[in-house]
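The values are calculated or read from the model by the stated rules, or taken from the named source; none is laboratory data. Quick caveat: nothing in here was measured; it's all calculated off a predicted structure. Cβ atoms come from the backbone with ideal geometry, glycine included; neighbour counts cover every protein chain shown.
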Amino acid sequence: MEKFLYTVLPVSMNMLLKLSVHMANELSYGCHIKLSGGYVRMAERAIALYEQEGCSSFQFFAKNPRSLQVKQFVTAEAERCRQLMEHYRLRSVIHSAYPLNLAISIHDQPEAAIQHIQSLCNDLEIAEVTGAIGVVVHFGVAKKSNRLAGYQDILTTLNTVLAMYKGPALILLENQAGLYGGIGSTFEEHVQIKQLCIDPERVGFCFDTCHAYVSGLWHADNQLGTEQLLRDGDRLGYWDDVEVVHVNDAAEPFGSMRDRHAQLGTGHISLAAMKELLSASQLHGVMNVLETPASDVSFHQPEWEILRQLHYSN
């Protein structure tokens, strides 16, 4: 991998953009954008969406999403991507590769664990150079019957990554849908894992609406469910560190633990509940990213209209 200098500029820009959006109570939204053609081509797609639809945020995979192989990227291309992002005042976040598992045991599977650690470090390096705020990761699957041992493995992985990568890109822990014993689906887990990391300031959160609903965390069907969710997050200080919201409707019912996303307004989460959550002051200034089914980004257009109506209507 080509050498590059760590710089605080990408995070400083992201922090300023978040503050600006928060103060103006603007809506920062977008979707997942393909990487095909390279980082500059991806940035050009994001710019086109911004000019056509007002999308000022997006998510992308730093490399092949089905592989943990380290990507040898061209620094100049990645830096050009960052320059375009800064010029158009766009915000982005990377989603880690699907096989990444924070709960892998470095004691039981040292070679495999090193591969997972190196892959996440690689994603963080790419996030820094391209100007992305950080990398979204899941707890993964804890294969040990002892849940505490699973948490210890997660902490070991995170702390190893934080010791190896010293740059400004954040690790953003995403709440899970409740499968595999329910690990990673509660506020308490995420907040405590963050607090126990060797550098908690470099760990934040990504909140997924579908995962919260199907895991039983967000009882959106209940009249007081959203209020309770916000209150629980406030009590633990969770919302203070949320940088990204994955805005997804749920194709499966509340508490089902089945992770199937649906387009906004077509699933089990009412638009009224979605509006109550997304318009809450706790989420002002965050990036709202769609991960709903769409063969092309143009199919998200009705959802962006829904998002705008939810945000700006009384």
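Ser56 meets each of the listed conditions (1) within 23 Å of Cys121 (Cα to Cα); (2) crowded, with 19+ Cβ neighbours inside 10 Å; (3) among the polar types (S, T, N, Q) apart from (1). The requirement of being surrounded by 23 or more Cβ atoms within 10 Å (Cβ to Cβ) and either in contact with a Phe, Trp or Tyr (Cβ under 8 Å, 6 or more places away or on another chain) or part of a helix (DSSP H, G or I) (or both) is not satisfied by Ile104. Does Tyr180 satisfy the criteria of being farther than 17 Å from Gln282 by Cβ, of a type in the set (Phe, Trp, Tyr), over 17 Å from the mean Cα position of the chain (by Cα) and at pLDDT 95 or above? In short, no.
With the structure loaded, tell me whether Ile171 is out of contact with any Asp or Glu (no Cβ under 9 Å at 6 or more places or on another chain), of a type in the set (Val, Ile, Thr), under 17 Å from Leu120 (Cα atoms) and surrounded by fewer than 22 Cβ atoms within 10 Å (Cβ to Cβ) or whether it fails that test. In short, no. When Ser92, Ser28, Ser119 are checked against the criterion of being at pLDDT 95 or above, crowded, with 21+ Cβ neighbours inside 10 Å and touching a Phe, Trp or Tyr at 6+ places or on another chain (Cβ under 9 Å), Ser92 stands alone in meeting it. Would you mind finding the one in Ser185, Ser145 that is surrounded by fewer than 17 Cβ atoms within 10 Å (Cβ to Cβ) and either in contact with a helix residue (DSSP H, G or I) (Cβ under 6 Å, 6 or more places away or on another chain) or over 25 Å from Leu230 (Cα atoms) (or both)? It is Ser145. Is one or more of the residues making up the range 67-77 assigned to a helix (DSSP H, G or I), in contact (Cβ under 8 Å) with a residue 24 or more places away in the chain and either over 26 Å from Ile183 (Cα atoms) or of a type in the set (Phe, Trp, Tyr) (or both)? For the range 67-77, residues assigned to a helix (DSSP H, G or I), in contact (Cβ under 8 Å) with a residue 24 or more places away in the chain and either over 26 Å from Ile183 (Cα atoms) or of a type in the set (Phe, Trp, Tyr) (or both): present. Taking every residue in the range 188-212 that is among the acidic types (Asp, Glu) and pairing it with any residue that is modelled with pLDDT of 95 or more and not in a loop (DSSP other than H, G, I, E, B), at least 6 positions away or on another chain, the pairs with Cβ-Cβ distances below 8 Å are Glu188/Leu236; Glu189/Tyr151; Asp199/Leu162; Asp208/Glu174; Asp208/Val245; Asp208/His246. Considering only residues in the range 71-89 that are buried (at least 16 other Cβ atoms within 10 Å of the Cβ) and of a type in the set (A, V, I, L, M, F, W, C), the one that is nearest to Ser57 (Cα to Cα) turns out to be Met85.
Is it the case that the range 34-55 has a residue that's of a type in the set (Ser, Thr, Tyr), assigned to a loop (DSSP other than H, G, I, E, B), in contact with a Leu (Cβ under 8 Å, 6 or more places away or on another chain) and modelled with pLDDT of 95 or more? For the range 34-55, residues of a type in the set (Ser, Thr, Tyr), assigned to a loop (DSSP other than H, G, I, E, B), in contact with a Leu (Cβ under 8 Å, 6 or more places away or on another chain) and modelled with pLDDT of 95 or more: absent.
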